[in-house]
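What follows is a single structure, written as structure tokens, with notes after it.
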Amino acid sequence: MGYIMNIGIISDTHNYLNPRIIQYLQGVDLILHAGDIGSQEILDKLTLIAPVTAIRGNTDYKGAVNTLPEQIITTLGNVTFLIIHDIGNINSFCEKLNQGEFHPLPGVIVYGHTHQAFYKKIDGFIFLNPGSATSSRDHRKPSLSILELQDSEIISNRLIEI
């Protein structure tokens, strides 16, 4: 059995970091932010908890967050992650993945934008949206995810309502 990595996944903070988010993320090894951050100050606060990998969302057009990449492909453990803000239609996005538009091919797609939490394996890819850390567009409260990764396997994904 290999090392278990705890990954905090957050999106759509829109320049507000609820203090409860800081509590829930304590102890994670890494934080992935799927965009619409708001400001560098949010990333600075998150970096006090754990290293942060972040991408630019469609509202991140002012200041330092404007210089972030629109997408990142990174390998954690033995799992390749694509972090992107808006995937659009999920079926069309699967077609892009299957046509090799992303290299290396990710096993997990972390995205935001919709403000709706989502976790599902589709076409062999895991799609994970932690929901919005500030406001949801469905019946749920604001949320984040904690993903447990061991080697090449996701052990658990916990959606935490804030």
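Quick rundown of the values:
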{"quantity": "Some residue of region 129-148 being farther than 16 Å from Ala34 by Cβ and touching a residue at least 40 places away in the same chain (Cβ under 8 Å)", "calculated": "yes"}
{"quantity": "Count of residues meeting criterion [under 23 Å from Ser11 (Cα atoms) and charged (D, E, K, R)] in region 93-104", "calculated": "1"}
{"quantity": "Condition check for Ile90: out of contact with any Gly (no Cβ under 6 Å at 6 or more places or on another chain) and of a type in the set (Val, Ile, Thr)", "calculated": "yes"}
{"quantity": "Selected residue (only one of Ser152, Ser156 is without any contact (Cβ under 8 Å) to a residue 12 or more places away in the chain and surrounded by fewer than 13 Cβ atoms within 10 Å (Cβ to Cβ))", "calculated": "Ser156"}
{"quantity": "Enumeration of residues in region 25-41 that are under 15 Å from the mean Cα position of the chain (by Cα) and in a helix (DSSP H, G or I)", "calculated": "Leu25"}
{"quantity": "Unique residue being touching a residue at least 40 places away in the same chain (Cβ under 8 Å) and of a type in the set (Phe, Trp, Tyr) when the list is Phe81, Phe93, Phe118", "calculated": "Phe81"}
{"quantity": "Number of the condition not met by Gly107 [criteria: (1) touching a strand residue (DSSP E or B) at 6+ places or on another chain (Cβ under 8 Å); (2) of a type outside the set (A, V, I, L, M, F, W, C); (3) touching a residue at least 24 places away in the same chain (Cβ under 8 Å); (4) closer than 28 Å to Asn15 by Cα]", "calculated": "(4)"}
{"quantity": "Some residue of region 64-77 being within 18 Å of Asn6 (Cβ to Cβ) and part of a loop (DSSP other than H, G, I, E, B)", "calculated": "yes"}
{"quantity": "Condition check for Gly100: more than 19 Å from Ser135 (Cα to Cα) and touching a residue at least 12 places away in the same chain (Cβ under 8 Å)", "calculated": "no"}
{"quantity": "Some residue of region 65-85 being in contact with a helix residue (DSSP H, G or I) (Cβ under 9 Å, 6 or more places away or on another chain), among the hydroxyl-bearing types (Ser, Thr, Tyr) and at pLDDT 95 or above", "calculated": "no"}
{"quantity": "Filter result for Ile10 (aliphatic (A, V, I, L, M), at pLDDT 95 or above and under 12 Å from the mean Cα position of the chain (by Cα))", "calculated": "yes"}
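For every residue, the table says whether it meets (1) touching a Phe, Trp or Tyr at 6+ places or on another chain (Cβ under 6 Å); (2) surrounded by 15 or more Cβ atoms within 10 Å (Cβ to Cβ); (3) within 18 Å of Ile146 (Cβ to Cβ).
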site	(1), (2), (3)
Gly8	no, yes, yes
Asn15	no, yes, no
Leu30	no, yes, yes
Gly35	no, yes, no
Val52	no, yes, yes
Lys62	no, no, no
Thr80	no, yes, no
His103	no, no, no
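The values are calculated or read from the model by the stated rules, or taken from the named source; none is laboratory data. What you see is a predicted model; the values in this text were computed from it and never measured. All Cβ positions, glycine included, derive from the backbone under ideal geometry; neighbour counts span all protein chains shown.
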